[in-house]
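Worksheet: one structure, shown below.
The values are calculated or read from the model by the stated rules, or taken from the named source; none is laboratory data. Please read all numbers here as calculations on a predicted model, not as lab measurements. Using ideal geometry, Cβ is built from the backbone for each residue, glycine included, and neighbour counts are taken over all protein chains shown. These area figures cover heavy atoms from the full protein model, side chains too; ligands, DNA and RNA do not enter into them. Shrake-Rupley method; radii C 1.70, N 1.55, O 1.52, S 1.80 Å.
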Amino acid sequence: MNQSIESLIRSWDGEEVLVRFDRSSGAWIVFAIHSTYLGPATGGTRMKYYPDLAAAVGDALRLAEGMTYKFAVAGLDRGGGKAVIALPENFDRSIRDDLLRRYGALIHQLGGLYQTGPDVGTSAEDMDVVSQTGAPYVFCRTPENGGAGDSSSPTAAGVHAGIRAVGDALFENPSLKERSILVQGAGSVGSRLVDLLLADGARVLLCDVDSARVQRYLDVPGVSVIDPEAAFRTPCDVFAPCALGGVLNSDTIPRLQCRGVAGAANNQLAEESDAERLHARGILYAPDYIVNIGGALAIPGIELEGWSIGEAEERVRQKVEEVLNLVFRSAVRDNVTTNEAARRVARSRLDI
Ligand code: NAI
Ligand code: PHE
């Protein structure tokens, strides 16, 4: 049953939620500020259609919480936040930039409380538009506008490192030679990940609901394109969700035929108890907010600290490997799920 907006917000442990109705476009804008304990609430802008406002608020709340854990576990001085722009059905794309400019003006009004970057449904070019109305800091603007551009390359590097760490924990060897990796979603991150996996000697099983996205892989040696419906029942060593969240749930987990899970998608667990379900099935779960730290770690490093792209990707790889190894070890030592072990690492830096 759908929860009401009031109960969603009341039961959430974050700091504040701001909701604005953008009358001229019919879009709702939701800012979820989960924690500013470690620094400014930072997180991407998700822009898509939702069936109702409660679905948009619920998504923003969970995504913002994930950002808090992402920065905390990586040892970064940033807090977690997320913004959702919930588009109406039949949205008129000709007014998209106007909406993004008004959204940027709202971030400006928040006076530094929230910093953003792209997420599902927004791009580096969109961040250029958002920054036009004075939003204090907008990550991932295009290089022509002084930003580092799209974050999918460092994100894919981190996911690759995460899959290797899972392989190492399962098979005592990080090499992916002849390992089978099922990549769900051949979008910006998924397609870059496929290239890295192939270079590592892996066999890739790939699916996407948009058949145009897998077209170019049909004749690529080492890649087998599979039906998206088959993703949860196809045998593989590691399942890499790189599409949307909620894919690990009470319906899919009993069907999975993988040994481990490590992917880019945010909020892969539909609910916390799904971590127990994976554990009970002996599937090693690499928590999503560790595996997908790439953009959130690399882009501020490149834009604010002057790291080169190569240095940023190397730091991402090292961080993902280091944190996952710590989490895997403490999960075994404390006899808890990897999800709980990761939370404990993050909470040791937080006030929650
Ligand atoms: P994208 O939108 O470029 O790609 C997602 C792909 O998944 C699309 O090709 C879409 O058709 C496909 N897809 C959707 N539902 C599917 C399904 N049921 N089965 C198979 N394919 C499906 O997004 P992007 O940037 O590649 O991000 C992927 C995920 O990683 C998202 O959940 C995003 O929040 C997360 N993420 C991305 C980061 C980045 O730097 N781009 C950073 C951290 C997380
Ligand atoms: N979409 C990114 C994530 O989920 C958000 C982000 C990118 C935030 C770059 C800051 C900088 O991690």
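Across the stretch 116-124, rounded Karplus estimates of 3J(HN,Hα) from the backbone phi angles (6.51 cos²θ - 1.76 cosθ + 1.60, θ = phi - 60°) give 10, x, x, 8, 3, x, 10, 10, 4 Hz, Gly and Pro being marked x. In the context of the full set of protein chains, residues of the chain present 43 Å² of accessible surface per residue (probe radius 1.4 Å, heavy atoms only).
Cα centroid separation, the stretch 63-118 to the stretch 190-258: 29 Å.
Dipole of the stretch 95-230 computed with +1 at Lys/Arg Cβ and -1 at Asp/Glu Cβ about the Cα centre; of Leu176, Val214, Pro154, farthest Cα towards the positive end is Pro154. Does the stretch 157-287 come out rounded, prolate or oblate by the C-alpha gyration tensor, with a ≥ b ≥ c the root eigenvalues, rounded set by a/c under 1.5 and, if not, prolate when a/b is larger than b/c and oblate if not? The shape class here is oblate.
Quote the FRET efficiency, to the nearest 0.05, computed for Arg329 versus Asp97 with a Förster distance R0 of 35 Å and r equal to the Cβ-Cβ distance.
That pair, Arg329 with Asp97, gives E of 0.15.
Roughly what percent of Cα-Cα pairs across the stretch 26-93 reach past 19 Å?
On the way: 774 of 2278 pairs.
Of all Cα-Cα pairs in the stretch 26-93, 34 percent lie more than 19 Å apart.
Using the Cα centre as the reference, give the magnitude of the dipole from point charges on the C-beta atoms of the stretch 200-352 (Lys, Arg: +1; Asp, Glu: -1; all else neutral), rounded to the nearest 20 debye. Each step should come with its number before you reach the end.
Values: 17 positive and 23 negative charges, 94 e Å.
Once rounded to the nearest 20, the dipole reads 460 debye.
Listed by chain and number, the lysines whose alpha-carbon sits under 21 Å from that of Lys48, ignoring those within fewer than 8 places in the same chain, are Lys82. Here the Karplus curve 6.51 cos²θ - 1.76 cosθ + 1.60, taken at θ = phi - 60°, turns the phi angles of the stretch 273-290 into couplings of 5, 5, 5, 5, 4, 5, 4, 4, 8, x, 9, 7, 9, 8, x, 4, 6, 8 Hz, with x standing for Gly and Pro. Kirkwood analysis of the Cα pair distances in the chain returns a hydrodynamic radius of 20.4 Å. Here the Karplus relation 6.51 cos²θ - 1.76 cosθ + 1.60, evaluated at θ = phi - 60°, turns the backbone of the stretch 192-197 into coupling constants of 5, 4, 4, 4, 5, 5 Hz, with x for every Gly and Pro. Listed by chain and number, the aspartates and glutamates whose alpha-carbon sits under 18 Å from that of Lys319, ignoring those within fewer than 8 places in the same chain, are Asp77, Asp168, Asp288, Glu305, Glu311.
Indicate the gyration tensor shape class of the stretch 211-352 (rounded, prolate or oblate), computed on the Cα atoms with a ≥ b ≥ c the square roots of the eigenvalues: a/c under 1.5 is rounded; otherwise a/b larger than b/c is prolate and the rest oblate.
Working: a/c = 2.06, a/b = 1.10, b/c = 1.88.
The shape class here is oblate.
If the chain linking Asn145 and Ser250 were pulled fully straight, counting 0.36 nm for each residue of separation and taking away their Cα-Cα distance, it would gain 33.3 nm.
If you add up the charges near Trp307, with Lys and Arg at +1 and Asp and Glu at -1, over every other residue whose beta carbon is less than 15 angstrom from its beta carbon, what do you get? Cβ neighbours under 15 Å give a net charge of -2.
In terms of its C-alpha gyration tensor, the stretch 1-150 has an oblate overall shape, because the principal axis ratio a/c (a ≥ b ≥ c, square roots of the eigenvalues) is not below 1.5 and a/b does not outweigh b/c.
Roughly to the nearest percent, how much of the accessible area of the chain is carbon and sulfur, given a 1.4 Å probe? Intermediate results must be reported in sequence, preceding the final value.
Values: 7080 of 15000 Å².
Of all accessible area on the chain, carbon and sulfur atoms account for 47 percent.
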